[in-house]
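The values are calculated or read from the model by the stated rules, or taken from the named source; none is laboratory data. If you're wondering where the values come from, they're calculated on a predicted model, not measured in any experiment. Using ideal geometry, Cβ is built from the backbone for each residue, glycine included, and neighbour counts are taken over all protein chains shown. Note: areas computed on protein heavy atoms with side chains; ligands, DNA, RNA excluded. Shrake-Rupley method; radii C 1.70, N 1.55, O 1.52, S 1.80 Å.
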Amino acid sequence: GYENGTIRGHVYDDFCPMLDWCQSQGIPVYIYSSGSIEAQKLLFGHSIKGDLQHHFRGHFDTTSGSKKEAVSYQTIAKSMGLEPSEITFVSDAEAELVAAKEAGIGHVVMSIRPGNVPLTAVGKDFPIVHSLLQLCG
């Protein structure tokens, strides 16, 4: 479906401007998803905003480990050639943010979108953005 255009990956309206800003600032962007790397490439390569692949330095999936385990984030940081403290990680899942924080990720941010699961006290402890543009300095 992606190949013939009948399926296109959804991205929020603020996603492309955030990617453009990161690119203009020399900030590499990586994706860590529960979906396979191949699925990520299909989604972002055939998005409603066109092919976004050139914006990404790399992709990670659960072959790097569970998104709910701190060691996964440490593994990813090592493969990126960075200290965990140098990374910003944004998610809408509290358990992922907790694991990232435990791994020493420097900036762990909760993304609030319509339809998200309501936050618990755990999620409210993280910095919150309602738009990815809030990450742009």
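Can you tell me which residue in the range 110-119 is nearest to the chain's Cα centre (by Cα), limited to those that are over 15 Å from Ala99 (Cα atoms) and either at pLDDT 95 or above or aliphatic (A, V, I, L, M) (or both)? Step through it out loud before you land on a result.
From the range 110-119, those over 15 Å from Ala99 (Cα atoms) are 111-119; that's our starting set.
Filter once more, keeping what is either at pLDDT 95 or above or aliphatic (A, V, I, L, M) (or both): 111-112, 117, 119.
Values: Ser111: 10, Ile112: 13, Val117: 17, Leu119: 18 Å.
Looking at residues that are over 15 Å from Ala99 (Cα atoms) and either at pLDDT 95 or above or aliphatic (A, V, I, L, M) (or both), I get Ser111.
Pairs under 6 Å by beta carbon, first residue of a type in the set (Gly, Ala, Ser) in the range 86-104, partner crowded, with 18+ Cβ neighbours inside 10 Å and in a helix (DSSP H, G or I), six or more apart or different chains?
Ser91/Leu97; Ala99/Ala70; Ala100/Tyr73; Ala103/Ala70; Ala103/Tyr73; Ala103/Gln74; Ala103/Pro84; Gly104/Pro84
Note down all Cβ pairs under 6 Å where the first residue falls in the range 115-134 and is in contact (Cβ under 8 Å) with a residue 12 or more places away in the chain and among the polar types (S, T, N, Q), the second is open to solvent by 80 Å² or more (accessible area, probe 1.4 Å) and assigned to a loop (DSSP other than H, G, I, E, B), and they're at least six residues apart or on different chains.
Every condition considered, the pairs that remain are Asn116/Asp92.
How many residues are outside any loop (DSSP other than H, G, I, E, B) and either touching an Asp or Glu at 6+ places or on another chain (Cβ under 6 Å) or open to solvent by 60 Å² or more (accessible area, probe 1.4 Å) (or both) when one looks only at the range 31-67?
In the first step, residues of the range 31-67 are kept if they are outside any loop (DSSP other than H, G, I, E, B); the result is 31-32, 37-45, 47, 50, 53-60, 62-64.
From what is left, the residues that are either touching an Asp or Glu at 6+ places or on another chain (Cβ under 6 Å) or open to solvent by 60 Å² or more (accessible area, probe 1.4 Å) (or both) are 37-38, 41, 45, 54, 57, 62-63.
Of the residues in that region, 8 qualify.
Identify all residues within the range 95-130 that are of a type in the set (A, V, I, L, M) and touching a Lys or Arg at 6+ places or on another chain (Cβ under 7 Å); write none if there are none.
Keep residues of the range 95-130 that are of a type in the set (A, V, I, L, M), which gives 95, 97-100, 103, 105, 108-110, 112, 117, 119, 121-122, 128-129.
Across the range 95-130, the qualifying residues are Ala95, Ala99, Val108.
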